[in-house]
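Engineer: I'd like to ask you about the structure that follows.
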Amino acid sequence: MIRRDKFLIGGQYVDPAGTELLKVISPITEEVIGEVPLATAADIDRAVAAARHAFEEGPWPRMSIEERGDYLERMIGLLELHIDEARDLQIAEMGGPLKLYGPQTPAMLGPRIREAISVAKQATLQEVRQGSYGKVVVSRTPLGVVGAIIPWNTPVAALMIKMLPAMLAGTPIILKPAPESPLSCYIIADALAQLGLPEGAVSIIPAGREVGEHLVRHRGVDKISFTGSTAAGRQIGMICGEQIKPATLELGGKSAAILLDDFDLRKTLPILERNSLTNTGQICIATTRILVSERRHDELVDALVERVGKMKVGNPFEADTDFGPLAAQRQRERVEAFIKAGRDAGAKVALGGGRPDIAKGWYVEPTIFTGVENDMSIAREEIFGPVLSIIRYKNEDEAIRIANASDYGLGGAIYSADIARGLAVAAQVQTGSCVINEGIPGGGGGPFGGIKQSGIGREQGLEGLYNHYYLKSVTLPMGVEPILEAAE
């Protein structure tokens, strides 16, 4: 049992306002593996008050990016001592395989931090433009207090993606980890508590949905950053719209992989499997609609079924496991309901479709459907599990039409022996990010986010940093040249 009894509020550990505990259940054993305090509205109020003081009166937003980056550089050394612990906690609390968290965790706690610092140092925070009647000083000014809501599927990575740009921009941030996976986030909180940050700069507070909504509605919060389901994002967007409060919403996906007729099967197969089934399919950018030409359909199906059928479902702590359990019992029930709906609609199960012979844990078999039409629920709705739909197309134009006939637009992939052809097709796919062949999904270091019901705004890169500023234009009298040092 792992027990935590405090929250990180304003960079310091404090006692919670309430007494209720959040029990963390392992999806591997279905047993309680940890307890943390469950936040109340009073805890959020305290964190917002500290953040507001930091923003309005403290040094944090008035430091340079370099000065704030120095704190993060020091944090790397603290985090590197606990990489194995952070990795194992994520596996234990949400069931993702070691194959994912083994490489991802050290990358997020070292190289990704350095990358964020490097990108931030390239930011243009002030420039002079020629206006209609004189010079205009255009500046980016820290926006205010940020409230961030973290998903359960990649807890450390998601937390860092939201925290790093906020810290570098000087916007105090209050992070709410998901109730399913709060334990690993305490590793980040421990490091922050040792940094000696200006009071109020960062808070990490596990909470449920109602307290999360209190954070969103709080008038002391100037911006919301949310990653999660489209349904929850729609509600958050409505609240922020009522308050005229900016929001970055990274929501669901139903991404398409288009295999053009000239794709190399041997090279494509492992990449397709990685992009479609990583983290047991519990990843927003998974390409779960596989579009393949009629001519090469049977060839692909046979090869994909053979490959996935040999992959291991089991204990995610074992190095050779490919698929762990789903993160929650309700998630398994959701996935199984979609599998039934696919069968009922007339799609054929080419692989899987049931539960593996494992006594405990919320496991499902990786499942591949053929005979899928794009209007079936398994092709239109985000399942968030290891379920693939293979869809035939007649020609390239039809493939693009099928890919775009979706309420979502988050990820995507094009597989082709001709990179120029792949780029031309990618340009026509309506999505926020796309990969060609073995390209890195999720923006690859560029801005990441979605269109349509996949969200609003962008994270990562300079665009993710700039989301934490507002633009200000200061116009000068005709003939006056600005002195930028005085304007900073």
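The values are calculated or read from the model by the stated rules, or taken from the named source; none is laboratory data. Since the model is a prediction, treat every value here as computed from it, not as a measurement. Positions of Cβ are generated from backbone atoms using ideal geometry, with glycine treated the same way; all protein chains shown enter the neighbour counts.
Engineer: Criterion first (under 28 Å from the mean Cα position of the chain (by Cα) and either modelled with pLDDT of 95 or more or crowded, with 20+ Cβ neighbours inside 10 Å (or both)) does Ile402 satisfy it?
Structural biologist: Spelling it out, Ile402 is indeed under 28 Å from the mean Cα position of the chain (by Cα) and either modelled with pLDDT of 95 or more or crowded, with 20+ Cβ neighbours inside 10 Å (or both).
Engineer: For Lys223, are the conditions met, namely being over 26 Å from Glu381 (Cβ atoms), in contact with a helix residue (DSSP H, G or I) (Cβ under 9 Å, 6 or more places away or on another chain), touching a residue at least 40 places away in the same chain (Cβ under 8 Å) and buried (at least 22 other Cβ atoms within 10 Å of the Cβ)?
Structural biologist: yes
Engineer: Of all residues in the range 244-271, which are under 19 Å from Tyr470 (Cβ atoms) and surrounded by fewer than 16 Cβ atoms within 10 Å (Cβ to Cβ)?
Structural biologist: Ile244
Engineer: If you don't mind, another one. Confirm whether Ile391 is in contact (Cβ under 8 Å) with a residue 24 or more places away in the chain, of a type outside the set (Gly, Ala, Ser), more than 30 Å from Asp222 (Cα to Cα) and in contact with a strand residue (DSSP E or B) (Cβ under 8 Å, 6 or more places away or on another chain).
Structural biologist: Judged against the criteria, Ile391 is a match.
Engineer: If you don't mind, there's one more thing I want to ask. Is it the case that some residue within the range 86-95 is under 20 Å from Gln194 (Cα atoms), buried (at least 16 other Cβ atoms within 10 Å of the Cβ) and free of Cβ contacts under 8 Å to residues at least 60 places away in the same chain?
Structural biologist: no
Engineer: Hey, another quick one. Of all residues in the range 181-200, which are surrounded by 21 or more Cβ atoms within 10 Å (Cβ to Cβ) and in contact with a strand residue (DSSP E or B) (Cβ under 8 Å, 6 or more places away or on another chain)?
Structural biologist: Passing the criteria: Ser181, Pro182, Leu183, Cys185, Tyr186, Ile188, Ala189, Leu192.
Engineer: Please go through the range 123-141 and give me each residue that is at pLDDT 95 or above, assigned to a loop (DSSP other than H, G, I, E, B) and among the small types (Gly, Ala, Ser), ordered by number.
Structural biologist: Scanning the range 123-141 gives a single hit, Ala123.
Engineer: Restricting the search to the range 1-21, which residues are part of a loop (DSSP other than H, G, I, E, B) and farther than 19 Å from Ala191 by Cβ?
Structural biologist: Met1, Asp15, Pro16, Ala17, Gly18, Thr19, Glu20
Engineer: Same structure, new question: Only one of (1) closer than 20 Å to His468 by Cα; (2) without any contact (Cβ under 8 Å) to a residue 24 or more places away in the chain; (3) of a type in the set (Lys, Arg) is not met by Arg129, so which one is it?
Structural biologist: Among (1) closer than 20 Å to His468 by Cα; (2) without any contact (Cβ under 8 Å) to a residue 24 or more places away in the chain; (3) of a type in the set (Lys, Arg), Arg129 violates only (1).
Engineer: Moving on to the next point. So, Lys472, is that one basic (Lys, Arg) and surrounded by fewer than 17 Cβ atoms within 10 Å (Cβ to Cβ) or not?
Structural biologist: Yes, satisfied.
Engineer: Same structure again: Scan the range 204-214 for residues that are within 21 Å of Tyr13 (Cβ to Cβ) and over 19 Å from the mean Cα position of the chain (by Cα) and jot them down.
Structural biologist: Listed by number, the list holds a single entry, Val211.
Engineer: I'm checking my understanding of the structure. Among residues of the range 80-117 that are of a type in the set (Gly, Ala, Ser) and outside any helix (DSSP H, G or I), which one is farthest from Glu35 (Cα to Cα)?
Structural biologist: Gly110
Engineer: Against the definition (touching a residue at least 40 places away in the same chain (Cβ under 8 Å), under 19 Å from Ile161 (Cβ atoms), aliphatic (A, V, I, L, M) and not assigned by TED's automatic domain parsing to the domain that holds Glu381), how does Leu484 come out, yes or no?
Structural biologist: no
Engineer: Assuming Gly443 fulfils every condition listed in (1) crowded, with 19+ Cβ neighbours inside 10 Å; (2) touching a Phe, Trp or Tyr at 6+ places or on another chain (Cβ under 7 Å) apart from one, which condition is it?
Structural biologist: It is condition (2) that Gly443 fails.
Engineer: Taking the range 291-307, which residues are of a type in the set (Gly, Ala, Ser) and either in contact with a His (Cβ under 9 Å, 6 or more places away or on another chain) or surrounded by fewer than 18 Cβ atoms within 10 Å (Cβ to Cβ) (or both)?
Structural biologist: Passing the criteria: only Ala303.
Engineer: Something else about it: Taking Asn153 as meeting all but one of (1) of a type in the set (S, T, N, Q); (2) surrounded by fewer than 17 Cβ atoms within 10 Å (Cβ to Cβ); (3) in contact with a Ser or Thr (Cβ under 9 Å, 6 or more places away or on another chain), write down the number of the exception.
Structural biologist: Checking Asn153 against (1) of a type in the set (S, T, N, Q); (2) surrounded by fewer than 17 Cβ atoms within 10 Å (Cβ to Cβ); (3) in contact with a Ser or Thr (Cβ under 9 Å, 6 or more places away or on another chain), the one that fails is (2).
Engineer: Answer yes if at least one residue in the range 85-104 is basic (Lys, Arg) and under 30 Å from Lys360 (Cβ atoms), and no otherwise.
Structural biologist: For the range 85-104, residues basic (Lys, Arg) and under 30 Å from Lys360 (Cβ atoms): present.
Engineer: So which of Asp407, Asp357 is surrounded by fewer than 17 Cβ atoms within 10 Å (Cβ to Cβ), closer than 23 Å to Thr230 by Cβ and of a type in the set (Asp, Glu)?
Structural biologist: So the residue among Asp407, Asp357 that is surrounded by fewer than 17 Cβ atoms within 10 Å (Cβ to Cβ), closer than 23 Å to Thr230 by Cβ and of a type in the set (Asp, Glu) is Asp407.
Here is a yes/no grid of residues against (1) more than 16 Å from Leu195 (Cα to Cα); (2) buried (at least 20 other Cβ atoms within 10 Å of the Cβ):
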residue	(1), (2)
Ile28	yes, yes
Asp45	yes, no
Trp60	no, yes
Ser64	yes, no
Asp70	no, no
Leu78	no, no
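Engineer: Hey, another quick one. Taking only pairs six or more apart or across chains, which ones have beta-carbon atoms under 6 Å, a first residue in the range 412-424 that is among the aliphatic types (A, V, I, L, M), and a second residue that is part of a loop (DSSP other than H, G, I, E, B)?
Structural biologist: From residues that are among the aliphatic types (A, V, I, L, M), the pairs are Ala413/Thr287; Ala417/Asp262; Ala417/Asp264.
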